[in-house]
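In what follows, a structure is listed as structure tokens, so that the remarks can point back to it.
No lab work stands behind these numbers, since they all come straight from the coordinates. Values in this document were obtained by computation on a predicted structure and should not be read as measured data. A quick note on method: Cβ atoms are made from the backbone with ideal geometry, for glycine too, and the neighbour counts reach across all protein chains shown.
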Amino acid sequence: MAKPGALMGGLVGAVLTPALIAVSYLGWKLAGLPFVPFDVFDWTARRLPGPVLTFGIEMLVKVIRVLNLGSTAAVAKTAEQSMAIMGLFVTGVLGGAVLFTILRVQRNGSKDRLRILLGILLGIVIGVPAMLMSQSAGATATIDALVGGLWILAVFLSWGAAFGWVYAHLIVERDTALRPAEPERAAAVERLDRRRFLIRLGGAAALITVSGTTVGALVGAGRRREAVTGRRWSADYPLPNAGASVQPAPSTRPEFTRLEEHYRIDINLLPQAVSEQDWRLRIGGLVEKPVELTLADLRNDFTPMHQFVTLACISNEIAGDLISTTRWTGVSLRRLLPHLGLRPEATHLKINSADGFFEVVALDLIRDDERVMLAYAWDDVPLLTEHGFPMRIYIPDRYGMKQPKWIMSIEALDHWEAGYWVVRGWDREARMKATSVIDTVAVDAATTSADGQRLIPIGGIAHAGARGVSKVEVRVDEGDWREARLRAPLSGTTWVVWRYDWAFQKGTHTFTVRCHDGDGKLQIAQPAEPHPSGATGLHTIRARL
Ligand SMILES: Nc1nc2c(c(=O)[nH]1)N[C@H]1C(S)=C(S)[C@@H](COP(=O)(O)O)O[C@H]1N2
Ligand SMILES: [Mo]
């Protein structure tokens with residue numbers, strides 16, 4: 001029987017690598033050790049050219065929408081995490097194949113020690129770059145970098161050594177089975193031994209994989225439950241428009257998004273955990289002297305400002321789910337400026353985040369608009385980790401890509417610079433496009449008008465950044481545009497809930513919606529992709545009634 005080669009190496013890789021991933025996962029969940037596949041994925045994503053990254057994101061968003069897989073933000077994260085893990089798996093399979101190919105050309109009498117050494121070499125070849133990328137991304141570890149680095153090396157080197165050990169075994173089984181007098185029987189015995197060995201190996205690796213991921217997942221779930229703290233504003237107070245005369249059509253989305261349902265988009269696979277104890281807002285660059293503020297300073301020394309805000313991602317497609325509304329609390333940046341000791345030549349602030357994200361805001365904009373704020377609470381509870389604890393900025397009228405979460409420092413500059421997504425080819429201004437969506441054609445909630453006409457409530461939302469929405473119109477089939485009724489919005493920057501009670505006609509119909517912003521400008525009907533400056537086009541739905 002032939003010596004094990006590339007195919008067997010790949011197979012062994014497919015058995016050993018899941019165990020490697022599981023051990024790494026367990027270390028992460030139990031002890032805050034780095035989880036290599038996620039770190040490597042984040043490291044790579046940071047370095048991809050803008051167009052490649054954009055293409056990847058848009059494909060992902062499209063697939064999720066076309067296949068109707070659920071919440072775009074959540075499914076996209078899961079898909080990316082799976083890709084990260086698959087990446088390491090495939091590397092392990094290829095690594096095994098290459099190693100066994102090399103071992104195959106070794107002389108028959110080679111020492112096992114040499115095989116294990118070559119296996120360790122594979123561990124080094126893959127483990128060292130993985131360690132460097134992981135340290136540079138630092139997305140998962142909460143432990144000391146040195147400990148984390150040594151851990152990665154230990155895990156990868158053991159994994160590599162295991163390949164050498166397995167190979168040595170496969171050869172030994174062959175040698176003991178070798179009986180020159182009966183080559184045929186010898187080959188059969190050998191095959192049997194080899195199969196038995198591989199089954200035992202697979203069993204052991206599967207045990208590590210399953211127990212590692214199970215324990216890790218249990219520990220992780222236990223920690224997550226502690227996350228949400230404090231009483232929410234929305235639990236105790238009615239919305240400011242509670243008395244509005246226009247009621248949403250049944251099944252219109254909630255006007256105020258529950259925190260757990262707020263969409264979420266970040267550049268990393270995992271939200272950045274920032275601890276409040278160590279956190280200071282550091283202000284530097286063109287200032288008289290560097291300033292540091294604690295969260296308590298910002299909460300106690302400045303009157304809090306509350307704003308209802310609709311945030312949307314520039315990657316949101318027409319009628320997509322990357323748009324949400326909640327109540328933000330923070331400090332108006334304009335009020336804070338005099339305390340920062342800015343030098344006269346400062347013209348811009350660069351906002352830097354814990355995850356390496358950044359954006360640059362003009363001081364003129366901050367001085368002109370008191371609504372630009374540093375926010376520390378949503379719905380009156382501290383920002384959830386995934387939404388930017390402890391601090392994020394709000395800039396009216398701009399897509400989320402202009403609004404860093406997990407703010408760590410502010411640097412005063414005397415010039416403009418491109419922000420994280422602007423560098424990667426997205427719009428500099430990223431002003432929110434006007435958009436309108438049909439959430440429901442509520443056939444089951446029909447009413448009857450005074451003259452006996454059956455009326456079907458149709459409803460949804462419309463949003464045009466900080467310009468507000470002045471008019472929403474609905475068209476049925478190729479009919480005329482008919483004006484919908486607008487519910488008083490939560491604020492001048494949130495979406496508006498609209499409603500149109502349509503005189504029922506049996507058949508299949510196409511419903512289309514459009515809005516006009518506060519300046520009377522009609523929403524752009526020409527369909528355009530989200531890249532580079534936000535999607536445009538009208539939302540239509542077809543329904544058989
Ligand atoms: N630090 C940091 N801030 C960030 C991002 C990020 O990846 N890192 N993503 C931005 C983008 S693209 C959007 S759409 C919003 C989303 O905010 P949310 O996740 O709280 O809804 O955060 C913005 N701020
Ligand atoms: Mo975004």
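Relative contact order, whole percent, for the range 20-159 stands at 45, derived from Cα pairs under 8 Å and 6 or more residues apart. Can you give the longest stretch of the chain with no exposed loop site, where a site means GluC sites (Glu not before Pro) in a DSSP loop (not H, G, I, E or B) with at most 16 other C-beta atoms within 10 Å? Answer from the scan: 1-225.
Over the C-alpha atoms of the range 349-495, the Rg to Rh ratio, Rh being the Kirkwood estimate, stands at 1.12. Other residues within the sphere of radius under 10 Å centred on the Cβ of A84, judged by their own Cβ, net out at -3 (K and R +1, D and E -1). Counting 0.36 nm for each residue step from L545 to V210 and taking away their Cα separation leaves a gain of 115.6 nm.
Hey, got a sec? Which trypsin sites (Lys or Arg not before Pro) in the range 494-545 land in a DSSP loop and have at most 16 other Cβ atoms within 10 Å?
Values: sites: R499, K506, R514, K521, R542, R544; in loops: K506, K521.
Counting only loop positions with at most 16 other Cβ atoms within 10 Å, the trypsin sites (Lys or Arg not before Pro) in the range 494-545 are K506, K521.
Strictly over 29 Å apart at the Cα level, which of K405/K433; K289/K433; K62/K402; K350/K521; K29/K405 would you flag in this model? Beyond 29 Å between Cα atoms: K289/K433; K350/K521. Computed from backbone phi, the HN-Hα couplings of the range 184-191 come to 5, 4, 4, 4, 5, 4, 4, 4 Hz, rounded to whole numbers (Karplus: 6.51 cos²θ - 1.76 cosθ + 1.60, θ = phi - 60°; Gly and Pro given as x).
Using the Kirkwood formula over every pair of different C-alpha atoms, what hydrodynamic radius in Å results for the chain?
Numbers: mean 1/r = 0.0371 Å⁻¹.
That comes to 27.0 Å for the chain.
Computed over the range 296-380, relative contact order equals 32 percent, with contacts defined as Cα pairs under 8 Å that lie 6+ residues apart. Can you give the local net charge around G419? Use residues other than it whose beta-carbon is closer than 9 angstrom to its beta-carbon, Lys and Arg +1, Asp and Glu -1. Within the 9 Å Cβ shell, the charges total +1.
For the chain, what relative contact order do you get, as a whole percent, if you take Cα pairs closer than 8 Å and at least 6 residues apart?
14
In terms of other Cβ atoms within 10 Å, W498, W426 run from fewest to most in the order W426, W498. For G119, the shell of other residues with beta-carbons less than 15 Å away shows a net charge of +3, using +1 for Lys and Arg and -1 for Asp and Glu. Applying 1/(1 + (r/R0)^6) with r as the Cβ-Cβ distance of V52 and S82 and R0 = 25 angstrom yields a FRET efficiency of 0.85.
Each residue of the range 462-472 was assigned a 3J(HN,Hα) from its phi angle through the Karplus expression (A = 6.51, B = -1.76, C = 1.60, θ = phi - 60°), giving 9, 8, 9, x, 8, 7, x, 10, 9, 7, 10 Hz with x at Gly and Pro.
A simple spin-label model places the labels of A362 and R299 3.5 nm from each other, with each point 7 Å out along Cα-to-Cβ.
With the alpha-carbon atoms as the only input, what is the per residue convex hull volume for the range 226-299 in Å³?
Spread over its residues, the Cα hull of the range 226-299 gives 232 Å³ apiece.
Computed from phi, the 3J(HN,Hα) profile of the range 512-520 under the Karplus parametrisation 6.51, -1.76, 1.60 (θ = phi - 60°) reads 10, 10, 8, 10, 10, 7, x, 8, x Hz, with x in place of Gly and Pro.
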